[in-house]
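Have a look at the structure below, then the notes.
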Amino acid sequence: MDGWKLICSQFDPANESLREALCTLGNGYFATRGAAPEASANGIHYPGTYIAGCYNRLTDTIADRTVENESLVNVPNWLALNFRIGDGDWFDLGAVELLSYHQELDLKQAVLKREMRFRDGAGRHTRVEQRRLVSMDQPHLAALETCIHAEDWEDTIELRSALDGCVENTGVARYRELGSKHLTPLTATSLDPDTMFLEVVTSQSHVRIAQAAVTRLWLGNESIAPQPTVEKSDGLIAHHYTTQLNASQPLRVEKIIAMYTSRDRAISDPGLDAREAIDTVVDFDTLLRRHTTTWKHLWHRFDFDIEHADSDQEEQAEKILRLHVLHLIQTTSPHVMDLDVGVPARGLHGEAYRGHIFWDELFVFPLFNLRMPEITRALLRYRYRRLDEARKAAQAAGYLGAMYPWQSGSDGREETQRVHLNPKSGNWLPDNSHLQRHINSAIVYNIWQYYQVTRDIQFLSFCGAEMILEIARFWASITSYNEQRDRYEILGVMGPDEYHDAYPDAEQSGLNNNAYTNLMAVWVLLRALELRDILPGQRLTELCETLDVSADEFARWDEISRRMHVPFHDGDIISQFEGYGELAEFDWEGYQEKYGNIERLDRILEAENDTANRYKVSKQADVLMLFYLFSSEELGALFTHLGYRYEYETIPRNIDYYLSRTSHGSSLSRLVNSWVLARSDRPGAWPLFMELLRSDIEDIQRGTTPEGIHTGAMAGTVDLIQRCFTGIETRGDVLWLNPRLPEGLNSLTLSLHYRHHVLGLHVSRTCARISTEPSSEPPIQIGIANEVHQLKPGEVREFQL
């Protein structure tokens with residue numbers, strides 16, 4: 001087994017859509033699914049190319065209600081390339097006898113390779129080799145190389161190289177009843193015998209998308225230039241090339257494309273830039289060399305090494321972790337530093353969740369904070385640019401400050417669908433997930449963690465602090481005071497669990513005093529108050545005057561932060577929300593016996609005319625998110641600040657209670673559970689980690705990964721290695737280490753970036769060694785075993801565990 005290659009040794013139509021998602025290539029600007037060049041959208045294949053931040057809105061009528069959905073657009077298919085021998089049919093994998101098939105995703109180089117050998121209906125044997133890349137060096141370029149070997153025949157061969165703008169968004173079955181046509185054709189033309197050009201525009205957002213492609217042919221080592229036949233229609237342009245082929249020399253084809261949009265910076269006309277780029281484009285091998293050099297530099301920052309007692313598990317874990325890193329970088333590469341984009345929950349790999357941005361940043365940013373924090377900074381600016389829209393949303397809902405949406409797209413308005421389809425029952429149901437106001441706390445958490453790692457006071461002063469203050473103002477305004485309890489409350493919200501959106505038989509949606517929401521609101525208020533000690537005095541004054549934040553408002557935030565209500569039941573069990581302990585227990589054994597997989601209990605119960613709102617069940621971690629985000633020391637301080645009793649034993653009791661009531665209906669569920677088990681030094685952390693690694697590569701949720709990867713879960717697996725097992729925390733201007741390697745994991749080694757220092761960290765079961773490269777930066781503080789040590793540039797320190 002090669003730890004740097006994802007290999008498929010047979011063509012499996014039933015799993016082809018999964019393979020296409022896992023073999024997506026991208027560069028942060030755009031990504032293309034791993035569909036075969038000859039494929040079109042059907043029940044087996046789904047070619048798709050998605051440009052970061054390129055959205056469009058369509059409206060539909062459902063149950064006499066007009067609904068609007070904004071989607072990440074499937075843009076023209078640049079990959080289209082097919083061939084036929086003589087006057088035979090166009091090549092189709094399903095119509096020939098496949099003698100061998102090998103596909104390989106090279107993780108180190110981000111290159112997808114395919115080799116196949118087949119016998120057609122005329123008895124001819126043909127071998128085809130292909131390589132493709134989406135350039136990480138030049139983000140507007142992509143390339144496909146195809147070599148066709150006639151093993152035992154001589155005949156004409158016709159090639160069809162196309163740019164296809166007739167594509168639609170039909171990659172998610174449950175969306176197909178809704179509008180899917182986002183593109184309007186503008187121009188389709190042949191520029192010269194080897195170059196063609198296509199331009200389309202999105203129907204509502206009016207984003208112009210231009211593609212120019214050059215197709216070059218060689219027979220053996222000799223370049224040939226057959227005159228093409230041009231095929232043209234609305235939204236499509238194709239060149240057909242015909243030449244003679246025999247067994248003496250292969251036909252090699254290079255197809256290179258340039259893609260620009262009207263959203264790009266420093267351009268006048270995307271069509272002009274695409275044409276100019278393709279006029280001067282180099283050959284495939286040169287593109288490949290530059291592309292792989294860029295990836296070499298990225299892997300130097302992002303790679304790691306683990307040593308496990310079981311060598312097979314070690315190699316499997318390293319390979320899947322590298323696959324995850326590859327897809328995360330392809331979604332949010334260094335190129336996003338110059339883009340206005342967020343982190344789509346399903347990457348640039350498919351159309352699930354319509355390409356929207358949720359709270360997955362909470363799981364993605366820690367990886368980039370400690371490897372390439374410049375990426376986090378750029379992605380946080382996506383939120384800052386939409387601060388005014390969040391202010392409007394808060395005002396419209398009757399609150400102060402800024403209220404960010406649960407689902408965000410182009411402009412920051414709430415994109416959560418108002419109805420959603422249950423595929424088990426066929427019913428369209430109200431979608432109340434926009435009540436997940438905790439997304440606001442996640443944004444503050446992300447800002448704060450970025451600052452703790454980088455001490456980027458400039459970003460905090462001019463972007464981050466303004467968001468923190470406005471979100472704190474929102475939390476203070478959404479609270480209400482309960483005189484009987486002498487506590488503040490937050491009513492009518494949803495927690496991360498998502499199964500529960502209302503009380504049983506209640507007419508109104510929303511739940512009261514979700515513990516995670518309330519505690520995170522308190523944490524946000526405390527960070528807002530702490531800004532007074534961090535920001536330069538002049539900037540603090542400017543912000544308070546600009547936002548009209550008074551001393552009285554700070555005082556009210558302080559009062560709420562000390563008097564927020566947190567519900568409990570059964571002694572020290574933190575109630576997921578007010579009244580959770582009064583819900584009915586669920587028949588887990590009976591439903592598992594009846595249905596087998598019950599990860600989506602909400603759908604199963606609704607199809608039975610029942611509801612998850614009646615039971616103590618969770619789709620994913622809710623209360624346990626607190627143990628994921630905070631150390632025991634941080635949580636203890638938070639509860640003490642609120643005047644609640646907190647003991648360390650609270651953690652294992654809550655972990656056991658909620659693990660036994662969770663269906664793992666989300667890819668994030670196993671991530672959080674693996675984390676809390678590892679940090680509490682409990683058995684089962686490594687097996688659960690290995691199961692988590694399988695989430696996407698084996699599509700354990702049965703049909704979700706083909707619609708797009710799960711960025712949060714993928715990043716979380718890497719962060720388990722990076723922060724959880726090492727015990728890294730960044731708080732109080734100290735980099736804390738508290739390693740807890742799960743059973744079987746003997747050591748891990750990785751490179752980190754912390755406050756402009758490049759650190760090398762090696763953790764074994766007996767010691768932790770940390771080094772820093774020579775530089776002119778001031779020393780940093782390293783905390784371990786409750787002691788703080790100074791680490792100077794060029795120094796190596798080793799600590800016994």
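State, as an integer percentage, the relative contact order of the chain based on alpha-carbon contacts under 8 Å between residues 6 or more apart.
11 percent
Show Asp273, Asp87, Asp497 ordered by accessible area, largest first, where the area counts protein heavy atoms only and the probe is 1.4 Å.
Numbers: Asp273 35, Asp87 150, Asp497 0 Å².
So the residues, ranked largest to smallest area, are Asp87, Asp273, Asp497.
Rounded to whole Hz and in sequence order, give me ³J(HN,Hα) for region 309-316 from the Karplus expression 6.51 cos²θ - 1.76 cosθ + 1.60, θ = phi - 60°, writing x for Gly and Pro.
4, 9, 5, 5, 5, 4, 5, 5
So with the 1.4 Å probe, I'd like the accessible area per residue for region 1-118, rounded to whole Å².
Details: 4260 Å² over 118 residues.
Computed with neighbouring chains in place, this is 36 Å² per residue.
Over region 546-640, what is the relative contact order in whole percent, taking alpha-carbon pairs under 8 Å and six or more residues apart? Please report the intermediate quantities before stating the final value.
Details: 45 pairs, mean separation 19.7, N = 95.
Computed over region 546-640, the figure is 21 percent.
What percentage of the solvent-accessible surface of region 563-604, computed with a 1.4 Å probe over protein heavy atoms, is contributed by carbon and sulfur atoms? Before the final figure, lay out the partial values.
Details: 860 of 2000 Å².
With neighbouring chains kept in place, the figure for region 563-604 is 43 percent.
I need the semi-axes of the equivalent ellipsoid of region 588-746: take the C-alpha gyration tensor, multiply each eigenvalue by 5, square-root it, list largest first in whole angstrom.
Working: eigenvalues 170, 86, 37 Å².
After scaling each eigenvalue by five and taking roots: 29, 21, 14 Å.
Over the Cα atoms of region 694-801, what is the Rg over Rh ratio if Rh follows Kirkwood? Walk me through the numbers on the way to the answer.
Values: Rg = 16.7 Å, Rh = 15.4 Å.
Computed over Cα atoms, the ratio is 1.08.
Can you give me the relative contact order of region 401-524 as a percent, contacts being Cα pairs under 8 Å and 6 or more apart? Provide the component values of the computation, followed by the final result.
Details: 166 pairs, mean separation 30.2, N = 124.
The value is 24 percent.
What per residue convex hull volume, in Å³, comes out for the chain when only alpha-carbon positions are used?
Numbers: hull volume 139.4 nm³, N = 801.
Taking the convex hull of the Cα positions in the chain, it is 174 Å³ per residue.
I'd like the Kirkwood hydrodynamic radius of region 476-543, using the inverse of the mean 1/r over distinct C-alpha pairs, in Å.
On the way: mean 1/r = 0.0700 Å⁻¹.
Roughly 14.3 Å, rounded to one decimal.
Compute for region 262-362: radius of gyration divided by Kirkwood radius, i.e. Rg/Rh, restricted to C-alpha atoms, rounded to two decimals. Numbers along the way, then the final one.
Numbers: Rg = 18.0 Å, Rh = 17.0 Å.
Checking Rg against Rh, the ratio lands at 1.06.
Would you mind getting the accessible area per residue of region 363-521, heavy atoms of the protein chains only, 1.4 Å probe, in Å²? If you can, show how the numbers build up before the last one.
Numbers: 5150 Å² over 159 residues.
Normalised by residue count, the accessible surface of region 363-521 is 32 Å².
Taking 30 Å as the cut-off for C-alpha to C-alpha distance, list the pairs among Lys424/Lys616; Lys108/Lys181; Lys319/Lys792; Lys296/Lys792 that go past it. Walk me through the numbers before you get to the answer.
Numbers: Lys424/Lys616 22 Å; Lys108/Lys181 36 Å; Lys319/Lys792 34 Å; Lys296/Lys792 28 Å.
Exceeds cut-off: Lys108/Lys181; Lys319/Lys792.
So how compact is region 234-299: Cα radius of gyration and Dmax in angstrom?
Here Rg and the maximum Cα pair distance are 16.8, 49 Å.
Sort 145-156, 360-371 by packing, meaning the average of other beta carbons within 10 Å per residue, with the highest value first. The partial results should precede the final answer.
Details: 145-156: 16.2, 360-371: 25.8.
Ranking, from highest mean packing down: 360-371, 145-156.
Near Ala476, within a Cβ-to-Cβ distance under 9 Å, what is the net charge of the other residues, with Lys and Arg +1 and Asp and Glu -1? List each step's numbers first, then the result.
Details: positive: Arg473, Arg556; negative: Glu553.
My count for the surroundings of Ala476 gives +1.
Ignoring ligands, DNA and RNA, what percent of the accessible area of region 160-261 is carbon or sulfur (1.4 Å)?
Accessible surface attributable to carbon and sulfur in region 160-261 totals 45 percent.
From the phi of every residue in region 692-707, what ³J(HN,Hα) in whole Hz does the Karplus formula 6.51 cos²θ - 1.76 cosθ + 1.60 yield, where θ is phi - 60° and glycine or proline is x?
Listing the rounded values in order: 4, 4, 7, 3, 8, 5, 10, 6, 5, 8, 6, x, 8, 4, x, 8 Hz.
In deg cm²/dmol, rounded to 500, what helix-only [θ] at 222 nm does the chain give when every DSSP H run of at least 4 residues adds -39500 (n - 2.57) and the total is split over its residues? Let's see the in-between values first.
Working: 20 runs with 240 residues, N = 801.
Using -39500 (n - 2.57) per qualifying helix, the result is -9500 deg cm²/dmol.
Normalised by the empirical 2.2 N^0.38 Å for globular proteins, what value does the Cα Rg of region 97-210 take?
Details: Rg = 18.7 Å, N = 114, 2.2 N^0.38 = 13.3 Å.
Dividing the Cα Rg of region 97-210 by 2.2 N^0.38 Å gives 1.41.
Counting C-alpha atoms alone, how compact is region 368-431: give Rg to one decimal and Dmax as a whole number, in angstrom.
Looking at region 368-431, its Cα Rg and Dmax stand at 16.1, 45 Å.
Angle between the Cα long axis of helix 270-279 and the longest principal axis of the chain, 0 to 90 degrees, nearest 10?
Taking the Cα atoms of the chain, the angle to 270-279 is about 50 degrees.
In bins 10 Å wide, starting from 0, what share of all Cα pairs of region 1-155 does each bin hold, as a percent?
Whole-percent P(r) values from 0 Å outward: 9, 34, 31, 17, 7, 2, 0.
Indicate, rounded to the nearest 5 percent, the antiparallel portion of the DSSP beta bridges found entirely in the chain. Write out the running numbers ahead of the final one.
Values: 147 of 153 bridges.
Roughly 95 percent of the DSSP beta bridges within the chain come out antiparallel.
Binning at 10 Å from 0, report for region 486-600 what percent of all alpha-carbon pair distances ends up in each bin.
Bin by bin from 0 Å, the calculated values are 12, 30, 26, 18, 9, 5, 1.
Roughly to the nearest percent, how much of the accessible area of region 487-548 is carbon and sulfur, given a 1.4 Å probe? If you can, show how the numbers build up before the last one.
On the way: 940 of 2400 Å².
C and S fraction of accessible area: 39 percent.
Can you give the angle from 0 to 90° between the axis of helix 650-659 and the longest principal axis of the chain, with both taken from C-alpha atoms, to the nearest 10?
40 degrees
So how do Arg600, Arg265, Arg413, Arg539 rank on accessible area, 1.4 Å probe, biggest first, that is with the largest at the start? Before the final figure, lay out the partial values.
Numbers: Arg600 70, Arg265 135, Arg413 90, Arg539 45 Å².
Correct descending sequence by accessible area is Arg265, Arg413, Arg600, Arg539.
Taking the alpha-carbon set of region 432-472, what are its Rg and Dmax in Å?
Reported Rg and Dmax, both Å: 11.5, 38.
Leaving out ligands and nucleic acids, and using a 1.4 Å probe, what accessible area per residue does region 133-244 come to in Å²?
Working: 4420 Å² over 112 residues.
Per residue, region 133-244 has 39 Å² of solvent-accessible surface.
Give me the angle, in degrees from 0 to 90, between the Cα long axis of helix 284-302 and the longest principal axis of the Cα atoms of the chain, rounded to the nearest 10.
20 degrees
Using the 2.2 N^0.38 Å rule of thumb for compact globular proteins, work out how region 1-63 stacks up: its C-alpha Rg over that value, please.
Working it through for region 1-63, the quotient is 1.43.
The values are calculated or read from the model by the stated rules, or taken from the named source; none is laboratory data. Worth saying up front: this structure is predicted, and the values here are computed from it rather than measured. When we count neighbours, we look across all protein chains shown, and the Cβ atoms used for this are built from the backbone with ideal geometry, even at glycine. What goes into the accessible areas is simple: the full protein's heavy atoms, side chains included, and nothing from ligands, DNA or RNA. Shrake-Rupley method; radii C 1.70, N 1.55, O 1.52, S 1.80 Å.
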